[in-house]
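Shown next, in structure tokens, is the structure this report addresses.
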Amino acid sequence: MSLLETSIIMAGSVLIGTTASSGVEAANGTPSYRITIVFNNISYAGNLQTGWGFACLIEGFQQTILFDTGSDGDILLSNMRGLDIDPGTVSAVVLSHIHADHCGGLEKFLQRNPKVTVYLPESFPVSFRQAIQDFGAHVKTVGKPAQLFAQIHSTGEMGEWIKEQSLILETPKGLVIITGCAHPGIVQIAEKAKGLLKKDIYMVVGGFHLVGTSTTRIREIIQRLKDLNVEKVAPSHCTGEEAISLFKKSWGKDFVEGGCGAVIPLCQYR
């Protein structure tokens with residue numbers, strides 16, 4: 001059974017109740033952190049393909065990291081080519097959760113670059129881990145909050161029904177939180193990150209899982225993130241059109257486009 005087939009089966013069962021430098025530097029030689037959205041159902045760069053799901057590339061840290069892989073490996077690799085990204089530069093893959101729109105592209109990616117370590121929530125099935133190892137890649141599981149690399153942390157598995165991890169990046173301007181779908185709740189993830197590292201939140205990027213959520217509830221979530229002093233937001237994927245519009249209105253100039261092909265510069269050292 002392929003990785004994609006395993007992820008789809010696991011997602012269905014849940015729904016029914018069951019070290020290399022990236023080389024990205026500023027002109028003065030200091031790190032220039034950035035996130036590039038390489039897979040999304042929301043368009044940004046017209047030359048790229050969209051598909052339901054999410055994936056982004058994180059550069060400027062000690063490792064170049066692919067966070068999630070979208071639902072289709074062919075689209076993922078095509079978009080990476082369109083963005084002039086060599087899959088071979090990726091040294092680590094982090095998967096947020098088991099759903100196919102976040103891990104479906106992994107198999108095709110590993111065919112191009114098996115020399116990576118894949119970080120999975122520990123709730124992933126053994127068969128999924130074995131399939132990754134069969135490609136020659138390494139697997140590490142994450143249960144509790146953990147530092148994965150210098151300046152890069154996992155929230156650990158969160159949620160009672162759908163287990164999901166998010167990434168926390170430490171940058172000079174504050175924490176950057178990257179979510180896959182935010183099934184455990186975008187506010188809860190932000191609170192967890194701030195509580196773990198005791199630092200301000202600079203930006204939250206990714207899917208906020210607000211499709212179908214009432215306007216009143218969306219406004220409550222926006223206010224709670226405002227109360228947490230989240231400086232910038234880049235919602236996409238499963239956030240929903242209405243919610244994205246409300247986030248854009250609430251954050252104004254601090255709203256960041258997060259569609260497919262968007263390159264989000266995080267910051268350089270002050």
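Take the conditions crowded, with 24+ Cβ neighbours inside 10 Å and part of a loop (DSSP other than H, G, I, E, B) and apply them to V230. Does it pass?
So V230 fits the description; yes.
Does H183 meet the test of being crowded, with 18+ Cβ neighbours inside 10 Å, on the phi > 0 side of the Ramachandran plot and either assigned to a loop (DSSP other than H, G, I, E, B) or modelled with pLDDT of 95 or more (or both)?
Answer is no for this residue.
With over 13 Å from the mean Cα position of the chain (by Cα), polar (S, T, N, Q) and not in a strand (DSSP E or B) as the only criterion, which of Q147, Q133 stands out?
One residue alone meets the criteria, Q133.
Among the listed residues G207, G212, which satisfies the condition of being crowded, with 18+ Cβ neighbours inside 10 Å, under 20 Å from G159 (Cα atoms) and not hydrophobic (A, V, I, L, M, F, W, C)?
G207
Scan region 111-123 and give yes if some residue there is part of a loop (DSSP other than H, G, I, E, B), in contact with an Asp or Glu (Cβ under 9 Å, 6 or more places away or on another chain) and crowded, with 24+ Cβ neighbours inside 10 Å, otherwise no.
no
Would you confirm whether any residue within region 239-254 is crowded, with 19+ Cβ neighbours inside 10 Å and polar (S, T, N, Q)?
yes
For region 199-215, does any single residue satisfy the condition of being farther than 30 Å from G240 by Cα and basic (K, R)?
So far as region 199-215 goes, no, none of its residues is farther than 30 Å from G240 by Cα and basic (K, R).
Considering only region 193-238, state which residues are among the hydroxyl-bearing types (S, T, Y) and within 20 Å of L57 (Cβ to Cβ).
Y202, S236
The values are calculated or read from the model by the stated rules, or taken from the named source; none is laboratory data. Since the structure is predicted, the reported quantities are computational estimates derived from the model, not experimental observations. Reconstructed Cβ throughout: ideal geometry from the backbone, glycine too, with neighbour counts over all protein chains shown.
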